[in-house]
1. Please tell me the relative contact order of the stretch 74-301 in percent, rounded to the nearest whole number, where contacts are Cα pairs under 8 Å and at least six residues apart.
2. Assuming 0.36 nm per residue, please report the length gained on full extension of the stretch Tyr288 to Ala188 beyond their Cα-Cα distance.
3. Assuming 0.36 nm per residue, please report the length gained on full extension of the stretch Val25 to Ala200 beyond their Cα-Cα distance.
4. So which residue, out of Leu150, Leu219, Leu97, gets the largest mean-square fluctuation from a GNM of the chain using Cα contacts under 10 Å as springs?
5. Calculate the FRET efficiency for Arg132 and Leu219 from the Cβ-Cβ distance with a Förster distance of 25 Å, rounded to the nearest 0.05.
6. Go ahead and set up a Gaussian network model of the chain, Cα springs under 10 Å, then flag whichever of Leu22, Leu96, Leu86 fluctuates most.
7. Given 20 °C and 1.002 mPa s, how large is the Stokes-Einstein diffusion coefficient of the stretch 143-302 in µm²/s, with Rh as the Kirkwood radius over Cα pairs?
8. Once you have the Kirkwood Rh of the stretch 11-60 from its Cα pairs, apply Stokes-Einstein at 25 °C and 0.890 mPa s and quote D in µm²/s.
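Rule-based calculations on the coordinates, nothing more; no lab input. Just so you know, these numbers come straight off a predicted model, no measurement behind them. When we count neighbours, we look across all protein chains shown, and the Cβ atoms used for this are built from the backbone with ideal geometry, even at glycine.
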Amino acid sequence: MKPGGMRLPRGFWRLFALPGVLWLVAFFVVPFYAIAAVAMGRLDPLFGTSAPVWNPIEWDTTILTDVLSDIAGGGIFQTVFFRTCLYVVIAVAMCLLIGYPVAYYIARHGGRLKVLLLLLVIAPFWINYLMRMLAWINVLQDDGYVNRILMFVGLLDAPRSWLDGQPSTVVLGLVYGYIPFLILPLYAALDRIDQRLIEAARDLGASSWRAFTKVTLPLSKQGILAGSVIITLPMFGDYYTPDLLSQSPRTSMFGNQIDFFIHSGTGEATGATLALVLSGFVSLLMIYYLVSVARSSREASS
């Protein structure tokens, strides 16, 4: 009962979650179920297209079993899957190597320029991702600025074809596209660290590096995990970055396979199955993150 004497209905505050629940059901649960219905469906005998089966009792797991067998048995899907994992791991590592110092500087040494520096980090969000990738293409062309600068300083004797199926180009494109999403949660985590804890470590004789590795870095672990998860999940499903920066089967990622089969006309079931497999894999990463956050919360409360 409120202090004024008015009695609120039972479950009143739970109603505030209703719009979010309805949104998730309409735009996540229902589409995900539709994908599962297509993946577990059957081929239309007349047109050869995938016919969804909406009754779970009648689902056919043949295609799912074939895809999992291909991934486990060294088929093309296994090659693409491990290539995608490799690209994502390298891209996330590079994002951390670049983004952590940036977030640390803004949080600890930004001073009066902190707001301006954050605006500069957020500025790429104001431009469409496709437009930024197109600009990246112009920079990496044979007569682009990258080749001009590298030839000017003597690192290249002739222009390099950066857009001709180069894995490094795809990885750099992923870093360029997703690094702002990593810097913001890292900044938030670093900015919340009490400066007095670092000062106490220094008073106890710790060097600047030891204070960073023993105090700042562990306390920013949740920001590192949160930022890594935020960029890892979309990276695994990314298909337009390899399409724009490579267009080569040598750099095809898992998202490219899903896109190819979905638009092939007769491979919708395979594409939907690949989407389910990818969703299951990234769900494991999300579960690890949630378990880690819960464990850290229990340790902090105790």
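1. 24
2. This chain segment gains 33.9 nm when fully extended.
3. 58.1 nm
4. Result for the chain, Cα springs under 10 Å: Leu150 fluctuates most.
5. 0.15
6. Judging by the Gaussian network model, the answer is Leu22.
7. Rounded to a whole number, D works out at 111 µm²/s.
8. 192
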